[in-house]
Amino acid sequence: MEIITLGNELLRRKAEPVSHIDGRYKKIAEEMIGALRAGKGVGLAGPQIGLVERIFVVEIQGDEPRVFINPSIIETSEETVKYEEGCLSVPGVWADVIRPASVRVQAWNEQGRPFTLEADGILARVILHEYDHLEGMLFIDRLSEVKRNRILAKLEKQKRG
Ligand code: NI
């Protein structure tokens, strides 16, 4: 399973809701968790593997993997925190991003079972980052223009070698 990177327009599309959670999604979720582990990441969203559907997986070290299908962000805290983020689709880049400190999310798992989860710390951070992917948004979009341009210039330079 290949992870697509910055520049691929699939990352910029708004993902479609999953219309029916059938057995296919168990397989997709398994493969996504495999790709996540291979990439040593903590979260991976459908668009990052070219599947522009509302699904993402999260695995924080020491915790079980979680699958979120058709997630809704129900509530976010007013309190925000700054935390360093990276993304498997923006390799080699890390930057501090400010986001809500906690989140309440509702979603379905790969078995089609609905759940609600309240999260803070790294888990909240990853959920919000992955949710952004479903909206066609990347973490670098949340940086100041100056910072983002600096990163894009650096990536462009790397590409040229
Ligand atoms: Ni990402």
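Extending 7 Å from the Cα toward the beta-carbon at both ASP22 and ASP96 defines two label points whose distance is 4.9 nm. Placing +1 on the Cβ of every Lys and Arg and -1 on the Cβ of every Asp and Glu, with no other charges, gives the stretch 75-161 a dipole of roughly 620 debye about its Cα centre.
Mean projected area of the convex hull spanned by the Cα atoms of the chain, taken over all viewing directions: 9.3 nm². Estimated at 0.36 nm per residue, the fully extended path between ARG113 and ILE73 surpasses their Cα-Cα distance by 12.7 nm.
Counting charges near PRO47 (Lys, Arg +1; Asp, Glu -1) among other residues having Cβ under 12 Å from its Cβ returns a value of -2.
Shown for the chain: lysine pairs separated by 8 or more places, or found on different chains, whose C-alpha atoms are under 22 Å apart, numbering 6. First measure r as the distance between the Cβ atoms of GLU135 and GLN158, then evaluate 1/(1 + (r/R0)^6) with R0 = 22 Å and state the FRET efficiency to the nearest 0.05. It comes to 0.25. Using just its DSSP H runs of length 4 or more, each adding -39500 (n - 2.57), the chain gives a mean residue ellipticity at 222 nm of -9500 deg cm²/dmol after division by all residues. For the residues GLY50, GLY112, GLY23, a GNM of the chain with alpha-carbon springs under 10 Å puts the largest fluctuation on GLY23. Note on the stretch 1-92: with neighbouring protein chains present and a 1.4 Å probe, carbon and sulfur make up 47 percent of its accessible heavy-atom surface. Rounded if a/c is under 1.5, else prolate if a/b beats b/c, else oblate: with a ≥ b ≥ c from the C-alpha gyration tensor eigenvalues square-rooted, which is the stretch 42-129? Oblate shape, in that a/c is at least 1.5 and b/c is the bigger or equal ratio.
Across GLU84, GLU53, GLU110, mean-square fluctuation computed from a Gaussian network of the chain (C-alpha pairs under 10 Å connected) peaks at GLU84. Counting only protein heavy atoms and using a 1.4 Å probe, the accessible area of SER102 comes to about 40 Å².
In the full protein context, the stretch 9-160 carries 55 Å² of accessible surface per residue, based on a 1.4 Å probe and ignoring ligands, DNA and RNA.
The values are calculated or read from the model by the stated rules, or taken from the named source; none is laboratory data. Note that the structure is a prediction, hence the values are computed from the model and not measured. Please note: Cβ atoms are built from the backbone with ideal geometry, for glycine as well, and neighbour counts cover all protein chains shown. Calculation scope for accessible area: heavy atoms of the full protein, side chains included, ligands and nucleic acids excluded. Shrake-Rupley method; radii C 1.70, N 1.55, O 1.52, S 1.80 Å.
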